[in-house]
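The values are calculated or read from the model by the stated rules, or taken from the named source; none is laboratory data. Here the structure is a predicted model, which means the values were calculated and not measured. Heads up, the Cβs are rebuilt from the backbone with ideal geometry, glycines too, and the neighbour counts pull from every protein chain shown. Side chains included, ligands, DNA and RNA excluded: accessible areas come from the protein's heavy atoms. Shrake-Rupley method; radii C 1.70, N 1.55, O 1.52, S 1.80 Å.
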Amino acid sequence: MYHRTTLPNGLRVLVVPERGTSLAGVSVHYDVGFRSEPEGYTGFAHLFEHLMFQGSAQLPKLEHSRQVQGAGGEFNGSTHPDYTDFHNVLPASGLERALFCEADRMRAPALTQENLLNQVDVVKEEIRRNVLNRPYGGFPWIHLPPLLFESFANTHNGYGDFRDLERAGLDDCIAFFDAYYAPGNALVTVIGDVEAEAAVDLVHRHFGDIPARPLPQRVPVAEPPMIRNRQGTIEDRHAPMPALAIGYRLAEPYLASVVLSTVLGVGHTSRLVRRLIHDTAMVMDVNAGCGVFGRAYDTRDPDVLTITAVHSAAATAEDIVAVIDEELDHLADHGPSADELALVKARLTRQMHRDGDRIAARLLCYGASELLFGDPETVVGTPGRLRGIGEEEVAVAAKALRSGSRAVLRVEPTGGKGR
Amino acid sequence: MKDLLLETGLRVLAIRRPSVPLVEMRLHIPLVGDAAQARVLGAAMLSGAHLHKKLALIGGELVADVDAERLQLAGSVLADGLPGLLVLLAEVLTGATYSGEVLAKERERTAQHMALLRAEPSLAARAAFRRQCYGDHPSAQGPPESGQVAAVTAEQVRLLHDRAVVPRGSLLLLVGDLDPSATVEAVELALSDWRSDHGGTARPPLPAPALGGITIVHRPEATQSQIRLGLPGVARTHPDHPALHLANLVLGGYFSSRLVANLRERNGYTYSVRSNLDFLCERTMVTIETDVVTESTMDAIHEIRRELDRLAAEPLAGDELDAARRYAIGSQLLSTSSQAGLASALAGIAATGLDLDWFVTLPQRLEAVTADQVVSIAAAHLTADRCGGIVLGNAPALASEIGDDRL
């Protein structure tokens, strides 16, 4: 059971008591992600997530980490297309300390020139490590959206260009905080070994006096349908093998598309793994999923379904796309078999329970579901809602993909000798 | 909880933890031998399409993971599918045939998989570091080269299975929504045909690591350096180990540590810097890992060395020890609060031959450590002059900066 309330300053609060665990979690979801960034400010939402860890009104730099870890806990933050989250999980005795830390930086983060320059350096090293200096860095989440969408919001690189990051000024940071980190633009989620009333009282005590501020206009992200197939190629000097990604725009009903992506490309029993890996050995690894990061229910509409494959140089992208088209046609005409549907539902149910067994994942899942969809049980309710998905619903989802347009992104290895 | 050594020599551990309606499984099988043969075995033993369909229908999944020390079959299943999972596990252990056709396909795929792993800078750096420390010792090898994988034969894999995939010395751990006594009985019945006269594979003792200086290892077109340094520590059963555990945390074992404050938050050299307690066979090392842009390599190494010497020479700051201690105890509680986390943690402990009690009583031993003991252990083991390792990166650029291939 969950409890909701809204403070007078507009801050939304969600509490999910879980008695007996002796653990607690606190997260804050801000309704700003990299799709909110204006031109010239690519990567700013993520950079600002880093700046929220640089100290605040009553806590010097690094003190958030020391407070939470010194109470035996863990913390992190992450930036998504439509939101930015911060979380803390710790022994339940540390609950109030975590709330104090989150409230202090929602009230007044320590935005200084020195901290800004330091974190621009850190973020550049993060991008080198995760994108520039490794194989398949940023594949496909950075390069596929520009082929699927038109608007700046939907197509730009959420990690940001180095030029934009270097140009970010302190004034920009202050303006960004004022606009997007208002209490009315945020959701606090508390889960764990605490009574609901006691948790709400604690949130009131720590966040209640943060002044309300005007709310930002949400950047429009809806787009007209794709009218033609598109393709693109990127060169990768670190990749040992070619790869490709196929993206489709997704429409409702979403859950049938999640089932479809699992039928297609998750696990040894999926159609693409059987055909492309077991039967023909064209492909080394193939995966399908909803969301550009492979996480379903993580963005507002429009979302995408993505299939990625790392493949042998002996197979061409056309060969692989042809197999995918064939399987989608077959599913559109006949739907999945009863066995296929049963095992996919069992897989999704197991995966949901398994993810939800970890307190940090559970906390973030409740918060993101509530922020994006106004229902904290969007994801945890999946096993129940799967009962409403039959062969026909999956066939309809497959038909929608086949009748619309798609984008194909190829990764071409261009590394030197010795690979 | 039920802990039983079966007549076949297999140790079975079943723990009730009904937080979600699942069961997590870890089967740890010590496996030392030719790295390429072991990788192909791991890929081929689960390759039957029928196996995966039967598993999927009971809401289960099974993956084989091979490294230089062991084969691990890891799985999870909807709780009422546990009997089915055990039956399928028995089929894999006693019925894998490694036909020529299956083997040819899995060999090809394994060769590609190894090429992908070897291209990952973090894995390449780990392999280079272990090679620097332990040379050709079988327990220290990284992913084998594609040519070695291509030479593996079906006969070799069958022999390796007969010799290594045996119950004696292996551990089956089941954690989740289960009845421990009934589960152990069900395991005994389901796996009764998994038997062998062999005692599993043995390995030669691991020598002390060779840590003289820092070697540059070239990686084409690298824009960052992977710095991997190490210092020999004391084993987990040594009385000084709890102090080493906390010294590692203060140095770089968590975000609130000195290396993070210095290299990341003060100097902006890196996104991530960590020190770890790295256990390989009977050896314990404190390892330090960070990735920095090529031009910052020397500065980053200099600061790491400075922090090592500072830890060994100066008293700890006011709250440093207590914070590290509370984190150590709290993070153990957090990481074992899920079925999968508990199963992985216990499998890791038991696999090294440590008593599970070692893990359960670790918080008490950490409580007893004093600040003086942390500084003493650092002075004895963690001074900069004991530190060595590798830098994986752009060798010409690094050499021109320092004029040699040794730093």
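For the residue pairs B:LYS2/B:LYS54; A:LYS345/B:LYS2; A:LYS345/B:LYS105; A:LYS345/A:LYS399, alpha carbon separations beyond 26 Å are given by B:LYS2/B:LYS54; A:LYS345/B:LYS2; A:LYS345/B:LYS105. Placing +1 on the Cβ of every Lys and Arg and -1 on the Cβ of every Asp and Glu, with nothing else charged, gives the protein assembly as shown a dipole about its Cα centre of roughly 840 debye.
In terms of overall dimensions, the C-alpha atoms belonging to the range B:175-219 reach 55, 33, 23 Å along their principal axes, ordered largest to smallest. Comparing Cα centroids, the range B:180-224 and the range B:275-305 end up 23 angstrom apart.
Comparing B:ASN267, B:ASN394, B:ASN276 in a Gaussian network model of chain B where C-alpha atoms under 10 Å apart are linked, the largest mean-square fluctuation is found at B:ASN267. Rolling a 1.4 Å probe across the protein heavy atoms gives chain B an accessible surface of 39 Å² per residue. Between B:HIS50 and B:SER192, the distance separating the two model label sites (each 7 Å from Cα on the Cα→Cβ line) works out to 2.3 nm.
For the range B:261-407, the Cα gyration tensor yields ellipsoid semi-axes of 32, 20, 16 Å (square root of five times each eigenvalue, largest first, whole Å).
Kirkwood radius and radius of gyration were both taken over the C-alpha atoms of the range B:289-341, and their ratio Rg/Rh is 1.17.
Pairs of Cα atoms in the range A:39-142 fall into 10 Å distance bins, from 0 up to the last occupied one, in shares of 14, 40, 32, 14, 1 percent.
Rounded to 0.05, the FRET efficiency of the A:GLU195 and B:VAL234 pair, given R0 = 51 Å and the Cβ-Cβ distance, is 0.65. Residues considered: B:VAL360, B:VAL293, B:VAL152. Largest GNM mean-square fluctuation over chain B, using C-alpha springs under 10 Å, is found at B:VAL360.
Take every Cα pair under 8 Å whose residues are at least 6 apart in sequence, average their separation, divide by the length of the range B:297-391, and the relative contact order is 54 percent.
Provide the FRET efficiency to the nearest 0.05 for the A:GLU318-B:ASP3 pair, computing r from the beta carbons and using R0 = 56 Å.
Values: r = 56 Å, r/R0 = 1.00.
It comes to 0.50.
Computed extension gain for B:ALA317 through B:MET298, at 0.36 nm per residue and net of the alpha carbon distance, reaches 4.1 nm.
Using only the Cα atoms of the range B:68-205, build the gyration tensor, take square roots of its eigenvalues as a ≥ b ≥ c, and label the shape rounded, prolate or oblate: rounded if a/c is under 1.5, else prolate if a/b is larger than b/c, else oblate.
Details: a/c = 1.85, a/b = 1.66, b/c = 1.11.
It is prolate, given that a/c is not under 1.5 and a/b is the larger ratio.
For the range A:54-173, the relative contact order is 22 percent, taking Cα pairs closer than 8 Å that sit 6 or more residues apart in sequence and dividing their mean separation by the residue count.
If you wrap the Cα atoms of the range B:267-314 in a convex hull and average its projected area over all directions, you get 4.2 nm².
The label point for B:GLU91 and the one for A:SER151, both projected 7 Å from the Cα toward the Cβ, are 5.1 nm apart. Summing charges over neighbours of B:ARG305, with a neighbour being any other residue whose Cβ is under 12 Å away from its Cβ, gives -2 when K and R count +1 and D and E count -1.
If a/c stays under 1.5 just call it rounded; otherwise compare a/b with b/c (prolate if a/b is bigger, oblate if not). Do that for the range A:1-94, with a ≥ b ≥ c from the square roots of the Cα gyration tensor eigenvalues. Walk me through the numbers before you get to the answer.
Details: a/c = 2.14, a/b = 1.35, b/c = 1.58.
Oblate.
When only alpha carbons are used to place a centre, the range A:391-405 and the range A:42-63 end up 44 Å from one another. Here each label is just a point 7 Å from Cα along the line to Cβ, and for A:HIS334 and B:ARG203 those points are 4.8 nm apart.
Kindly identify the protein assembly as shown as rounded, prolate or oblate by the Cα gyration tensor criterion: order the square roots of the eigenvalues as a ≥ b ≥ c, call it rounded if a/c is under 1.5, otherwise compare a/b with b/c, prolate if a/b is larger, else oblate. Rounded shape, in that the Cα axes give a/c under 1.5.
What helices does chain A have that are whole DSSP H segments, at least 24 Å long along their own axis by Cα, and with mean Kyte-Doolittle hydropathy of -1.0 or more?
A:317-334, A:338-356
Our estimate of slack between A:GLU114 and A:HIS3, defined as 0.36 nm per intervening residue step minus the Cα-Cα distance, is 35.9 nm. Peptide B:113-124 is shielded by partner chain Cβ atoms: per residue, an average of 4 of them sit within 10 Å of its Cβ.
Note the full-extension length gain between A:GLN58 and A:SER22 as 0.36 nm times their separation in residues minus their Cα-Cα distance, in nm to one decimal.
Numbers: separation 36, 0.36 × 36 = 12.96 nm, distance 2.77 nm.
Difference between extended and current length: 10.2 nm.
Estimated from helices alone, the mean residue ellipticity of chain B at 222 nm is -13500 deg cm²/dmol (sum of -39500 (n - 2.57) over DSSP H runs with n ≥ 4, per residue). Projecting the Cα atoms of A:PRO225, A:TYR181, A:ILE277 onto the dipole axis of the protein assembly as shown, where Lys and Arg carry +1 and Asp and Glu carry -1 at the beta carbon, places A:ILE277 farthest toward the positive end. When chain B is treated as a Gaussian network with alpha carbon springs shorter than 10 Å, the biggest mean-square fluctuation among B:ALA345, B:ALA317, B:ALA127 belongs to B:ALA317.
Output the Kirkwood hydrodynamic radius of the range A:296-385, Cα pairs only, in Å rounded to one decimal.
Values: mean 1/r = 0.0625 Å⁻¹.
Hydrodynamic radius (Kirkwood, Cα pairs) of the range A:296-385 is 16.0 Å.
Our analysis of chain A gives Rg over Rh at 0.98, with the two radii drawn from alpha carbon positions and Rh computed by the Kirkwood formula.
Estimate the FRET efficiency between A:ARG387 and A:ASP325 by the formula 1/(1 + (r/R0)^6), using the beta-carbon distance for r and 30 Å for R0, to the nearest 0.05. Could the numbers behind the result be given before it?
Working: r = 30 Å, r/R0 = 1.01.
E between A:ARG387 and A:ASP325, to the nearest 0.05, is 0.50.
If you place +1 on the Cβ of every Lys and Arg and -1 on the Cβ of every Asp and Glu, how big does the dipole about the Cα centre of chain A come out, in debye to the nearest 20?
Working: 41 positive and 55 negative charges, 116 e Å.
Charge dipole, chain A, about its Cα centre: 560 debye, nearest 20.
Panel note: contact residues of the range B:307-331 (accessible area lowered by at least 30 Å² against the chain on its own; 1.4 Å probe) correspond to B:ARG326, B:TYR327. Using a cutoff of 8 angstrom between alpha carbon atoms and counting only pairs six or more residues apart, the relative contact order for chain B works out to 22 percent.
For chain A, what does -39500 (n - 2.57) per DSSP helix run (n ≥ 4), summed and divided by total residues, give at 222 nm, in deg cm²/dmol to the nearest 500?
Values: 15 runs with 161 residues, N = 419.
The helix contribution divided over chain A gives -11500 deg cm²/dmol.
Of interest is the spacing of the C-alpha centroids, which for the range A:308-348 and the range A:167-240 amounts to 35 Å.
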